[in-house]
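Please read the structure below before turning to the comments.
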Amino acid sequence: MTDIARIQDFQRHVGATMKVQGWIHNKRSSGKLQFLILRDGTGFAQAVVSKAALSEEAWVSLEKAGQESSVEITGLIKEDKRAPGGFEIDVKDATVIQSTHDFPITPKDHGTAFLMENRHLWLRSERQHAVIRIRHAVIKAFRDYLDDQGFTLVDTPIFTPAACEGTTTLFGVPYFDEGTAYLTQSGQLYNEANAAAHGKVYCFGPTFRAEKSKTRRHLTEFWMLEPEMAFAHLADAFEVAQNMICFAIQRVLATKKLELERLGRDLTRLEKVKAPFPWVHYDDAIKIIREKGSKTEWGSDFGGTDETVLAESFDQPIIVHRFPSAIKAFYMEPDPTDARYSLSADILAPEGYGEIVGGGERISDPDLLLKRLHDHGLPEEAFRWYIDLRKYGSMPHAGFGLGVERFVTWICGIDHLREAIAFPRMLYRIYP
Ligand code: 4AD
Ligand code: MG
């Protein structure tokens, strides 16, 4: 039996006759030659089929097979600098597993609505394939980084009894006799309990926001990576964020260059990203955007355009810090030098990609925490356990959340978060 080669490993198989299992991505023929672009899940490669090299039956079945037919191809793997991906298969034999026709997504241009409706098929395209492979590399890099820094992965629940990031974006679900449970907005609160048990922890999972905003930066279900550290301050947490981001970019540049190039990504912009990232005080950030024409007042959160304008003034990601306490979540530690400000920060990506990280230092005093819960009109009963964390061995602690789709969208240089996850959930989309 001929061994199976994966397209991503072709370099290792040059000169060998191997079998490739995959799909016909594209095809053109000229009489006695057929040129196939095959995809096998790991990559795309050109296969050249000459009528003389194949049985009549194999030739005809291949000729009849349409785009996305599944096939097994046996052939000699050759290096060819001109071929897409750098290799070519000189086909010796072919079996069509399923001959298919009328694949809805053809090489011509389709509108986004049509592509989203066919997301389950669109995922096979070169562009979508590249994005999802980069997403995988990013997630692995984040996890490798944190694992190497001594963080422990502790999973946090998805059904929760209360809000973490404000009550306006909660998804409620009926939960037996308990009444309503809410899909988690963030694993942070549970992470804080886990940090008191394990020191440095992270959770990584889906999080949910009933976002009414229909923007290119918002999903209703997105994946968040959230590290949390005991005995740590704002600066400690954001040093981890910064270094983790740089590590992931280097990893993607080293291992996913082909995919980045397929997306037409300007690599020089990514190569430039280097620690340390500039820290920009909220007051200075307001000054900068107002000088550039923004009407945003001191005391408000930034809009998407503000973030873009602000980030454009720097060529590195920036750490905007000390947002007013009044616009931040109940758990934010006030700045000890001026309680109007909180020990919070966001990282804004360059090139107009906006906020990719949000985090801060958490209140460690039980009385202040209780007061803030009341100020925010949150039910004390549901947070009893959270207050306990401040009663038994309280300590300064800090962490952050990085939105995976926001990060991947930036790294890939694409326009919209919907392409950074296989099956995006948005205000008006739950199919497929
Ligand atoms: O700034 P956020 O709301 O922070 C938190 O949830 C904290 N509890 C995290 C923590 O400190 N552990 O969200 C964090 C990040 C944002 O910076 C953004 O990248 C992403 O999550 N995010 C979204 N991504 C896609 N769609 C949405 N609707 C998002 N909302 C936030
Ligand atoms: Mg935020």
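Structural remarks
- Degrees, to the nearest 10: 282-291 long Cα axis against longest axis of the chain: 70 degrees
- Cα-based shape type of the stretch 195-304, given that a ≥ b ≥ c are square roots of the gyration tensor eigenvalues and the cut on a/c is 1.5: rounded
- Over 29 Å between alpha carbons, listed pairs LYS214/LYS371; LYS212/LYS295; LYS64/LYS92: LYS214/LYS371
- Spin-label proximity, LYS51 to the stretch 8-35 - amide N less than 17 Å from point 7 Å beyond Cα toward beta carbon: 28-35
- Computed over protein heavy atoms with a 1.4 angstrom probe, the accessible surface ordering of PHE151, PHE171, largest first, is PHE171, PHE151.
- Given +1 at the Cβ of Lys and Arg, -1 at the Cβ of Asp and Glu and no other charges, the dipole of the stretch 120-419 around its Cα centre is 940 debye to the nearest 20.
- Exposure of SER213 as accessible area (Å², to 10), given a probe of 1.4 Å and all protein chains: 40 Å²
- The stretch 143-193-the stretch 279-320 distance, computed between alpha-carbon centres (Å): 30 Å
- The stretch 362-432-the stretch 8-24 distance, computed between alpha-carbon centres (Å): 45 Å
- Other-chain or far-sequence residues with amide H under 5 Å of ASP335's (modelled H): TYR341, SER342, LEU343
- Of LYS274, LYS140, LYS108, the residue with the greatest mean-square motion in the GNM of the chain, using alpha carbon springs below 10 Å, is LYS108.
- Estimated dipole of the stretch 7-98 in Debye, rounded to 20 [Cβ of Lys and Arg +1, of Asp and Glu -1, Cα centre]: 260 debye
- Lys/Arg +1, Asp/Glu -1 at C-beta; the chain dipole; positive extreme among GLN21, PRO432, ALA65: ALA65
- Note on GLU312 and VAL173: the extension gain reaches 46.0 nm, defined as 0.36 nm multiplied by sequence separation minus the Cα-Cα distance.
- Under 5 Å, built H, 5+ apart or other chain: amide partners of ASP93: THR74
- Global form of the stretch 1-139, assessed from the alpha-carbon gyration tensor, a/c cut-off 1.5: oblate
- Debye, to nearest 20: dipole size of the stretch 328-432, +1 on Lys, Arg Cβ, -1 on Asp, Glu Cβ: 300 debye
- Charge tally around ASP147: other residues with Cβ under 14 Å, Lys/Arg +1 each, Asp/Glu -1 each, net +2.
- Relative to the current alpha-carbon distance between LEU258 and SER30, full extension at 0.36 nm per residue lengthens the span by 79.2 nm.
- For the stretch 73-78, backbone phi angles converted through the Karplus equation (6.51, -1.76, 1.60; θ = phi - 60°) give residue-by-residue couplings of 10, 10, x, 7, 8, 10 Hz, Gly and Pro being listed as x.
- Residues considered: GLN67, GLN185, GLN11. Largest GNM mean-square fluctuation over the chain, using C-alpha springs under 10 Å, is found at GLN11.
- The chain: angle of helix 188-198 to the longest principal axis, Cα-based, in degrees nearest 10: 90 degrees
The values are calculated or read from the model by the stated rules, or taken from the named source; none is laboratory data. Quick caveat: nothing in here was measured; it's all calculated off a predicted structure. Here Cβ is always computed from backbone atoms with ideal geometry, including for glycine, and neighbour counts include all displayed protein chains. Calculation scope for accessible area: heavy atoms of the full protein, side chains included, ligands and nucleic acids excluded. Shrake-Rupley method; radii C 1.70, N 1.55, O 1.52, S 1.80 Å.
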